[in-house]
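Peer 1: My questions will all concern the structure given below.
Any read-out appearing in this document is the output of simple, stated calculations on the displayed coordinates, not a laboratory observation. On a predicted model such as this, the values are computed, not experimentally measured, just so you know. Methodologically, a virtual Cβ is constructed for each residue, glycine included, from the backbone with ideal geometry; neighbour enumeration extends over all protein chains shown.
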Amino acid sequence: MAEILSKFPVLTVIYMMPLLAVITLLFIPDKNHKAIKITSLSFSSVSFLLSIILFLSYDFQKGGLQFVERYRWVPSIGINYFMGVNGINVTLVLLTGIIIVAGVLASWGVDYRPKEFFMLLLTLVTGVFGVFMAYNLFLFFLFYEIAVLPMYLLIGIWGTGNKEYSAMKLTLYLLVGSAFILAGILGLYFATGLNTFDFDVLEKFEYSKQFQIIFFPILFLGFGVLAALWPFHTWSPDGHASAPTAVSMLHAGVLMKLGAYGCLNIAVYLLPGGAKFWLPFVALLTVVNIVYGSLGAFAQKDLKYIVAYSSVSHMGIVLLGITAQNSTALSGSVFQMFSHGVMTGLFFGLVGMVYGRTHTRMINEMSGLAKKMPALAAFFIMTGLCSLGLPGLSGFVAEILTFIGSFKTFPVITIICVTGIVFTAYYVLRALQIIFYGKYDEKFDHLTDANKIEFITLFILMFFIVIFGMYPFYIMKVINSAVLPIAQKLLMP
Amino acid sequence: MISLIFFYIFAVLIVISAIFVVISKNIYYSALWLALTLFSVAGVFILLNAYFLAGIQVLIYIGAVVVLTIFVINLTKEIEGKKEKQHNKQVIPALLASLTGAVLIILAVLKTDWSSRIINWTAYDETAKLGNFLLADFVIPFEAASVLLLIALIGSIAIVSLDKENK
Amino acid sequence: MLTLMHFIILSVILFFIGIFGVLTRRNAIGILMSLELIFNAININMVAFSKFLTPQEIYGVIFTVFIITVAAAESVLGLAIILAIYRSGQKIFADEMNLMKW
Amino acid sequence: MEKILLSGFLLVVLPFLAFLIIVTFTKRFKMLSALISITAIFISFILSIIILVWQLKDPSSFLKYDIPWLYIGNLKMNIGIIINSLTAIMLLVVTTVSLLVQIYSISYMKGDEGFSKFFGFISLFSFSMLGIVISNNLLQLYIFWELVGLCSYLLIGFWYFKPEAADAGKKAFVVTRFGDFGFLIGILIISYLSGTFDILEIENFVKNGTLSDKMLLIVVILLFCGAIGKSGQFPLHVWLPDAMEGPTPVSALIHAATMVAAGVFMVARLFPIFSASPDAMLFIAYLGAFTALFSATIALTQDDIKRVLAYSTLSQLGYMMLALGSGGYVAGMFHLYTHAFFKALLFLCAGSVIHAIHSNNIWQMGGLHKKMPVTSITFFIAALAISGIYPLSGFFSKDEIFLSILYSGNKLLYYSAMFTAFLTAFYMFRLYFVTFSGKPKEEKNVHESPLVMTVPLIILALLSIFSGFIGIPDIKFSIHKFLFIEHLKEAHFDFKVALTSNIIALSGILLAYLIYGLKIINADNLKQKSGIIYNILKNKYYIDEFYMFLIKNIYYTSTEAIKWFDRHIVDGAVNLVAFLCRWTGGKLKLTITGRVQNYAMYIVLGVILIILAIYVYQPDVMNIVRR
């Protein structure tokens, strides 16, 4: 399999598929909703299947960049078409594949301008795929911007509630982040003086200590905004709450990972000296992320806000893993990216489905829903359990690895962070109890359980949570192969 | 020496008439003062041995621009009551700004040492040379200028006459 | 002895008188006339520099010819526009033409 | 050898398969689901007997097998099994009780719409519990530890439409989570220090003594936190009584016989680590003794039959902890083993009664002995066993506990344990007399439960009577020999202790008989006389109220404060920036007056500023011309 793939530009195909879908959609009449949806689904399914194949055929024994595609593009300023994947990338590409298929399925009910909706959604996904594959920083930034901008329209047009405000807030936040990133990338470009944006060249260059200390926070903060690093997280609850279901899924599931990925694979990887200097301070922020996020989630009444704050808390674990600077914690962190991606995808999908039925997201207005929708309740409970780190589901593996790793570096901080788990249990169970348990209200008589498409959506996502929770051996090997070089770089004096 | 005297005469004329152009209450007088200014500038050109320029200065500026201006003044005369103020509220800031600017630049000019760049020159009439240049080296800009004039001509007619149709 | 300095100072003074006019005249035609003053100041400058610094070349003079040409075209168009505005809105004072504001 | 390992593996996996099959396929076929579940656990039961028989041949040997689960660098996490004497006996207890409870449930849960789901969950629970028992490393222990917590949560909240049940489930999960928090940190620390999760390797590491006493104390106490949560020791005991909202078989299986004993089992499993720190052991002993006494006093006043039993469970768990803390490794495990049978029996009897009466309140019962003879007799046996009357099983295990306390030389603990024994006998027989003796309270059509329910009762009653005999010293299959650990000095039978404990228990029974059986002493008078004390006991020392107070005032307030902070400070800062931009824009737009001459003015001023700037900062600029 790997041999066939190596002759065939699989990475380009994966990220071009959504783009092709966008082009195909242009030729489909607006009113033919079904055709629009089926086209989007089929193209994204191809990406999804290819990403699974890619994941399975990645050779973790060999490690490093594989499936490399490298062509000259604008050689005079060092911009090249340089795509490749390492263990982290294949995991995140897989995540993106999962989420986009689930996202398209979850937006099956979109009836307002579906053509534009799916076009924007798929454009966004193209960007995300691209970011996870690009190994030329210019290309990286290009895809990054493609991924960030459609969000504004998606939330502003198809959102609910205070959507204009949220969309604007989110976009401005993310653009401030990308301004920092651009500054950082240019800094790297000029610091080397090698006239190239290629990652492998930049990675080998030895930056001076002072340069690293100045530029690391710039890059890290730029990506940190997207990863909801405290105190730059407030775009996320508002944005998630206003966004339509699929957008929330993609956003929390994939876009936030983009930030974490950048923090790890760009900022830390390229500037380990700066990382060693700054990460202890960042660790303090991640404590706030974790504990504050889970406490904040408790006080919320809106289901989407609860999930959004839980995302803040879980992204804190990702960042904590990055700050811990050893291979165990970094692996845990990357796995948490994957696990949290699928899990929040599931969460937002479920919230969307419940909202689509009850037309309210206020938890106080719901009760006893398990009676009417047992399947949704079961999925919701499982997702909640994954969120609170129940063994057997992927969240546990990710969290425990992160904690084991970070305990070596920051014992006290880790202990504080572990309390976050207790708080998480409390708010998750409380929300579940209020919504699904308790007295059944007769006003919910007309509600139905999940239909087939919803069931498939949920099943796809749940499958990955369970399978990787039960047997993380393979995926951890893949991740670890990519994490080791970073950890080694951090170990060097 | 004589040229110096002539220069001062023209300079004083230019400055005084220019001042009247900008401060005169009646726009009609302004136009006439403008004519005098332009005429004096032509004189300055003669002092600089630019005879051809002096000629077209008189022909174009006084003969065309000023006359045109006076026509337009006449066309818009109806609402121009004499009681209307002719200057807006920013007279004092404008005066200060102009004075400061003038003083600053003059100081700069005085401070600059031009002597090293000055080349002694003998007076000669360069009209013939100018003609050659315009029709040889600068023929494209020259033709472009003529096209520009044509466009301006058509444009101004269009602006004014389209406006008429609307009425 | 007539020096470059004389001409430059003259042109500076003329220029700033023109600026003053542009800034203060309410009548649009007056502004246009002040603009002509500015042009003339530039012209003097051009010719003087040309004559004193590069006497063998006549580029300064040629540029002046073009400036005069363009200035003529400009004043024609300007006057046409003023006339058009005057006809449509009975306005001749520049501070009354303030539609293009916040 | 391999067959034993394989059977150990199968034994754990089978209930899980049953769970999967029930949840995915046979949800609609109630009886089939029950059958699958029971078959699975029955095979497990047989396998556990096989294992036990094998283990009896050579009690000190053990088998171990690892499957790689997650390797990161030198961090190795395995899923593995270990079979030794401790696991063998525990496997037998779990499978037996689980099997009997499941059979009992067929009748008890009949007609419930979640019948299949119930059996699915029970199977999942059996899987998780067996997983704890058979774990050979701390991480796996923690994984299954959490899974049993989950099952407990699901089963307590089984009747989720009852708000109390839903609340109780949440409470159980969150409270035990607090304990698990300490447990997890303990695991993190010890594995960080020793570099492994494997229990045997950690034991060796601790034995080598590289760990400072203080560090060891911290680790042990943290690990013990897990047991505090799961086994309902003092500060975290609040969830167990509430957990009685679940179906009674669940209470019997999970909240009496097996899961709550997991904490005790864990301490026993890690006994070499725990016993390395005498201070920690003393702490455990005191906490156990306190919990035992404390919950026994609460049990005196409760009206709900299941709650009385729940507090009694807490008390007995305290005993086990006390035994382990005093170094009585065998005593603690022995009591766990006997307690599993008689406490399961008590709960199932209570379930039988509740099934008949449809109420939990003991004052609505009475005179049931005639109508439900089997239930009554088995309950009586169990009550005698728990009181520690010779020759029932409770006597042997309790005696063992007293001996080990006495042997450790702590008189205070000994007396408190004796007093608790008195209280135990008293409240158990209070329960018995109120429920089964006297006159029937209501003319209800009450009759004995069906055979499916009574057979498990009888089997458990037999076990309650005879299972203690393995505690007789010096017989061939004595538990002392079986659970032998080196360097552990065992106490020897002391006739005086046995006599004292029996007299004390009998006096407790007598007192109960006087008050509730013969009604010679008026119970209401006692209530009034004891006044405040009665109220405190009745309200469980107001501990729930105290916790609620803390949660409401500290937790809720802090979450609200954070919400406010997030809205107004963090977000406020962002919105402030936005506001400043808009405000300055609003002011600056006023300069766009629409008047050309204003703009010209700005330009001129700008030019002048530039000229001035050149004057100030670069006065030499004029010299450039010269050059």
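Peer 1: With +1 assigned to the C-beta of every Lys and Arg and -1 to the C-beta of every Asp and Glu, and no other charges, what is the dipole magnitude of the protein assembly as shown about the Cα centre in debye, to the nearest 20?
Peer 2: In total the dipole reaches around 1820 debye.
Peer 1: Follow-up. Give me D for segment A:112-213 in µm² s⁻¹, whole number, from Stokes-Einstein with Rh from the Kirkwood sum over alpha-carbon pairs, 25 °C and 0.890 mPa s. Intermediate results must be reported in sequence, preceding the final value.
Peer 2: Details: Rh = 15.3 Å.
Once the numbers are plugged in, D ends up at 160 µm²/s.
Peer 1: Specify the longest stretch of chain A that does not include any exposed loop site, a site being one of the trypsin sites (Lys or Arg not before Pro) with a non-H, G, I, E, B DSSP assignment and at most 14 other Cβ atoms within 10 Å. Write down the numbers at each step before the final one.
Peer 2: On the way: sites that count: A:Lys7, A:Lys31, A:Lys62, A:Lys301, A:Lys439.
Value returned for the longest uninterrupted segment is A:63-300.
Peer 1: Please list log₁₀ I(q)/I(0) at q = 0.05, 0.09 Å⁻¹ for segment A:2-491, using the Debye equation with identical point scatterers on the alpha-carbon positions.
Peer 2: The computed values of log10 I(q)/I(0) come out as -0.16, -0.55.
Peer 1: Can you grab the distance from the C-alpha centre of segment A:398-461 to the C-alpha centre of segment A:25-88, Å, no decimals?
Peer 2: When both Cα centres are located, 31 Å separates them.
Peer 1: Taking a quarter of the surface of the convex hull around the Cα atoms of chain B, what do you get in nm²?
Peer 2: 14.4 nm²
Peer 1: Would you kindly calculate the mean projected area, averaged across all directions, of the convex hull enclosing the Cα atoms of chain D, in square nanometres?
Peer 2: So the mean shadow area of the Cα hull is 45.9 nm².
Peer 1: Test of understanding: extend the Cα→C-beta vector of D:Ser478 to 7 Å, then name every residue of segment D:388-413 with backbone N under 19 Å from that spot.
Peer 2: Backbone N within reach: D:391-408.
Peer 1: Then there is this: Counting only other chains, what is the mean number of Cβ atoms within 10 angstrom of the Cβ of each residue in peptide C:30-43?
Peer 2: Going residue by residue through C:30-43 and averaging, the value is 6.
Peer 1: Could you work out how far apart the two model spin labels at D:Leu35 and B:Asp137 are, taking each label as a point 7 Å from the Cα in the direction of the beta carbon, and quote it in nm?
Peer 2: Placing both labels 7 Å along Cα→Cβ, they lie 11.2 nm apart.
Peer 1: Could you work out, residue by residue across B:5-14, how many beta carbons of other chains sit within 10 Å of that residue's beta carbon, and then give the average as an integer?
Peer 2: Per-residue shielding by partner chains comes out at 3.
Peer 1: Quick query: amide H of D:Leu70 versus all other amide H atoms, modeled in the peptide plane; which residues come in under 5 Å with a sequence gap of 5 or more or a different chain?
Peer 2: Under 5 Å from the amide H of D:Leu70 lie the amide H atoms of D:Met77, each far enough along the sequence or on another chain.
Peer 1: Given points 7 Å out from each Cα along the Cα-Cβ axis, report the A:Phe277 to D:Met1 separation in nanometres with one decimal.
Peer 2: For A:Phe277 paired with D:Met1, the spin-label model returns 5.8 nm.
Peer 1: Under the definition of Cα pairs under 8 Å and six or more residues apart, what whole-number percent is the relative contact order of segment A:2-491?
Peer 2: 16 percent
Peer 1: Mind checking the angle between helix A:10-26 and chain A's longest principal axis? C-alpha axes, 0 to 90 degrees, to the nearest 10.
Peer 2: 50 degrees
Peer 1: May I ask you to work out the translational diffusion coefficient for segment C:4-96 at 25 °C, viscosity 0.890 mPa s, via Stokes-Einstein with Rh from the Kirkwood sum over Cα pairs, reported in whole µm²/s? All intermediate terms of the calculation are to be shown ahead of the outcome.
Peer 2: Details: Rh = 14.4 Å.
Translational D for this selection: 171 µm²/s.
Peer 1: Work out which GluC sites (Glu not before Pro) in chain D are exposed loop sites (DSSP not H, G, I, E or B, at most 13 other Cβ within 10 Å) and give the longest gap free of them.
Peer 2: Between the exposed loop sites, the longest stretch runs D:114-441.
Peer 1: How high is the FRET efficiency from A:Glu69 to D:Cys581, r the C-beta distance, R0 41 Å, rounded to 0.05?
Peer 2: Using R0 = 41 Å, I get an efficiency of 0.45.
Peer 1: Relative contact order (percent) for segment A:168-278, with alpha-carbon contacts under 8 angstrom and 6 or more residues of separation?
Peer 2: Dividing the mean separation by the residue count of segment A:168-278 yields 35 percent.
Peer 1: Over segment C:4-96, what is the relative contact order in percent, taking alpha-carbon pairs closer than 8 angstrom and at least six residues apart?
Peer 2: Result for segment C:4-96 is 30 percent.
Peer 1: Please report, in whole Å, how far the alpha carbons of segment D:79-135 spread along each principal axis, starting with the longest.
Peer 2: 41, 21, 8
Peer 1: Same structure again: Return one number: the angle in degrees, 0 to 90 and rounded to the nearest 10, between the long axis of the Cα atoms of helix A:209-226 and the longest principal axis of the Cα atoms of chain A.
Peer 2: 20 degrees
Peer 1: Which ³J(HN,Hα) values, rounded to whole Hz and listed in residue order, are derived for segment A:398-414 from phi using the Karplus coefficients 6.51, -1.76 and 1.60 in 6.51 cos²θ - 1.76 cosθ + 1.60 with θ = phi - 60°, glycine and proline given as x?
Peer 2: Per-residue couplings from phi come out as 4, 5, 5, 5, 4, 5, 4, x, 6, 4, 5, 8, 10, x, 5, 4, 4 Hz.
Peer 1: Hey, another quick one. Give me the extension gain from A:Glu365 to A:Phe8: residue separation times 0.36 nm, minus the current Cα-Cα distance, reported in nm with one decimal.
Peer 2: Extra length from A:Glu365 to A:Phe8 when fully extended: 123.2 nm.
Peer 1: Another question about this same structure. May I ask you to evaluate 6.51 cos²θ - 1.76 cosθ + 1.60, the Karplus curve with θ = phi - 60°, for each residue of segment A:302-313 and list the ³J(HN,Hα) values in order in whole Hz, giving x for glycine and proline?
Peer 2: 8, 4, 5, 5, 4, 5, 5, 5, 5, 4, 4, 5
Peer 1: Out of all Cα-Cα pairs in segment A:382-479, roughly what percent, to the nearest whole number, are more than 21 Å apart?
Peer 2: 52 percent
Peer 1: Hey, another quick one. May I ask you to evaluate 6.51 cos²θ - 1.76 cosθ + 1.60, the Karplus curve with θ = phi - 60°, for each residue of segment A:125-131 and list the ³J(HN,Hα) values in order in whole Hz, giving x for glycine and proline?
Peer 2: Once θ is set to phi - 60°, the couplings for segment A:125-131 become 5, 3, x, 5, 4, x, 4 Hz.
Peer 1: Next question, about the same structure. List the residue ranges in chain B for DSSP H helices whose C-alpha atoms run 18 angstrom or more along the long axis and whose Kyte-Doolittle average is -0.5 or above.
Peer 2: Helices meeting the span and hydropathy rule in chain B are B:2-23, B:27-47, B:91-111, B:139-166.
Peer 1: What are the residues whose amide H is under 5 Å from the amide H of C:Arg26, where those residues sit 5 or more places off or on another chain and H is modelled from the backbone?
Peer 2: Residues meeting the criterion, in which the H sits 1.01 Å from N, are B:His87, B:Asn88.
Peer 1: Turning to a different aspect of this structure: Among the trypsin sites (Lys or Arg not before Pro) in segment B:11-95, which ones are in a DSSP loop with at most 13 other Cβ atoms within 10 Å of the Cβ? Mind listing them?
Peer 2: B:Lys25, B:Lys82, B:Lys83, B:Lys85
Peer 1: Can you give the FRET efficiency to the nearest 0.05 for D:Phe25 and D:Ile46, using r as the Cβ-Cβ distance and R₀ = 25 Å? Could you put the intermediate results ahead of the total?
Peer 2: Values: r = 24 Å, r/R0 = 0.97.
Computed FRET efficiency for D:Phe25 and D:Ile46: 0.55.
Peer 1: Translational diffusion coefficient, Stokes-Einstein: compute it for the protein assembly as shown using the Kirkwood radius over C-alpha pairs as Rh, at 10 °C and 1.306 mPa s, and state it as an integer in µm² s⁻¹.
Peer 2: Estimated via Stokes-Einstein, D reaches 42 µm²/s.
Peer 1: Report the far tail of the P(r) of segment A:1-159, meaning the percent of Cα-Cα pairs longer than 26 Å. Don't skip to the end; give the middle numbers.
Peer 2: Values: 3566 of 12561 pairs.
Summing the P(r) of segment A:1-159 above 26 Å gives 28 percent of all pairs.
Peer 1: Let me ask you something else. Just to be sure I understand the model, the point goes 7 Å from the Cα along the line to the Cβ. What's the resulting D:Ile533 to B:Ile154 distance in nm?
Peer 2: 11.7 nm
Peer 1: Grab the beta carbon distance between A:Asp30 and A:Thr160, set R0 = 25 Å, and tell me the FRET efficiency rounded to 0.05.
Peer 2: The computed FRET efficiency comes out at 0.65.
Peer 1: Now for a separate question. Under 5 Å between amide H atoms, partner at least 5 residues away or on a different chain: which partners does D:Gly80 have, H built in plane at 1.01 Å?
Peer 2: Amide H neighbours of D:Gly80: D:Ile67, D:Asn136, D:Asn137.
Peer 1: Over segment B:1-65, what portion of Cα pair distances is larger than 14 Å, expressed as a whole percent?
Peer 2: 57 percent
Peer 1: Hey, what angle do you get for helix A:452-470 against the long axis of chain A, alpha-carbon based, 0 to 90 degrees rounded to 10?
Peer 2: Computed tilt is about 50 degrees.
Peer 1: Within a 10 angstrom radius of each residue's Cβ in B:66-76, how many Cβ atoms of other chains show up on average? Whole number is fine.
Peer 2: Counting other chains' Cβ atoms within 10 Å and averaging over B:66-76 gives 5.
Peer 1: Which of the chymotrypsin sites (Phe, Trp or Tyr not before Pro) found in segment A:103-207 are loop residues per DSSP with 13 or fewer other Cβ atoms within 10 Å of their Cβ?
Peer 2: A:Tyr112, A:Phe205
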